[in-house]
Amino acid sequence: MHEFDVFDGALLIDKPVGYTSHDVVDAIRRRFQIKKVGHCGTLDPNATGLLIIVLGRGTKLSERLMSSDKVYEGTIKFGETTDSYDADGELVTSLPVPPMTLGELNETAAAFVGDQMQVPPMVSAIKKGGVPLYKLARKGVEVEREPRFIHIYNFRFAEYNEPIGRFRVAATKGTYVRSLAHDLGQKLGCGGHLATLRRTVSGKFDVANAIRLDQALELSAAELEKRVIPFLKLAA
């Protein structure tokens, strides 16, 4: 077996707002001249937080790393639905928010805990006939989406100041938090959309141990090397 290179492994990045996951991959590849760079689990441009960047032979482990459970924190705005189920989309409906306490909101959220089939949003990277759904959505085309099996371990609000609720959710891979926000709004009868989102945990990795993208890009190759989680440690 070949010796591992110092850049065969993973880097934990705290993704900023406004970047696609692919933008982060490109920036790392260009800055450090590493041929193979990938990411484990897409974050929408407006989402922040933990993005696992795999380097060199670390890319061989991306499927395994992607299949891990995730934890997110964020806010939902009730009373407004959008076509993308988040703040980026066009407003679809606007309804009054019924009076509710934090406890009542959590009671409704608790109904989403457990095994379920979730319909992905139209604005997503899932492909239908080889075309990403978001491209069809941009043309105003809506197609039937296959529901996906997911499991939500925990979904709880820490704060509620009408119309904004601040939540934390722990779920299996492939869970669309935007769909969860939309479905909760529907259940409450007033609609809702995901206002902000931050991924804090992916598998055994925590955003507390990640480095901001701007800081990572200022490192020298030797300094970056110290931040790389080696292949054998990842594979363990």
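The values are calculated or read from the model by the stated rules, or taken from the named source; none is laboratory data. If you're wondering where the values come from, they're calculated on a predicted model, not measured in any experiment. Neighbour counts run over all protein chains shown; Cβ positions are idealised from the backbone, glycine included. These accessible areas exclude ligands, DNA and RNA; they are computed on the full protein's heavy atoms, side chains included. Shrake-Rupley method; radii C 1.70, N 1.55, O 1.52, S 1.80 Å.
Okay, here's what the table says:
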quantity	calculated
Within segment 17-33, tally of residues that are surrounded by 16 or more Cβ atoms within 10 Å (Cβ to Cβ) and either outside the structural domain of Asn209 (by the TED database) or of a type outside the set (D, E, K, R) (or both)	7
Total residues in segment 34-63, condition in contact (Cβ under 8 Å) with a residue 40 or more places away in the chain and either not assigned by the TED database to the domain that holds Thr20 or not basic (Lys, Arg) (or both)	19
Test: residue in segment 86-104 that is closer than 13 Å to His182 by Cα, surrounded by 13 or more Cβ atoms within 10 Å (Cβ to Cβ) and in contact with a helix residue (DSSP H, G or I) (Cβ under 7 Å, 6 or more places away or on another chain)	yes
Every residue from segment 105-124 that is surrounded by 19 or more Cβ atoms within 10 Å (Cβ to Cβ) and farther than 19 Å from Asn161 by Cα	Gln118, Pro120, Pro121, Met122, Val123, Ser124
Qualifying residue in segment 67-74 (condition: within 28 Å of Val123 (Cβ to Cβ), open to solvent by 60 Å² or more (accessible area, probe 1.4 Å) and more than 22 Å from the chain's Cα centre (by Cα))	no
Residue list for segment 1-11, restricted to those being crowded, with 20+ Cβ neighbours inside 10 Å and over 14 Å from Ser62 (Cβ atoms)	Phe7
Matching residues, segment 81-112, being within 21 Å of the chain's Cα centre (by Cα), acidic (Asp, Glu) and more than 17 Å from Leu43 (Cβ to Cβ)	Asp83, Glu90
Condition check for Phe112: touching a strand residue (DSSP E or B) at 6+ places or on another chain (Cβ under 8 Å) and either aliphatic (A, V, I, L, M) or in a loop (DSSP other than H, G, I, E, B) (or both)	yes
Condition broken by Tyr176, with the remaining ones in (1) closer than 17 Å to Asp88 by Cβ; (2) of a type outside the set (A, V, I, L, M); (3) in the same structural domain as Lys60 (by the TED database) satisfied	(3)
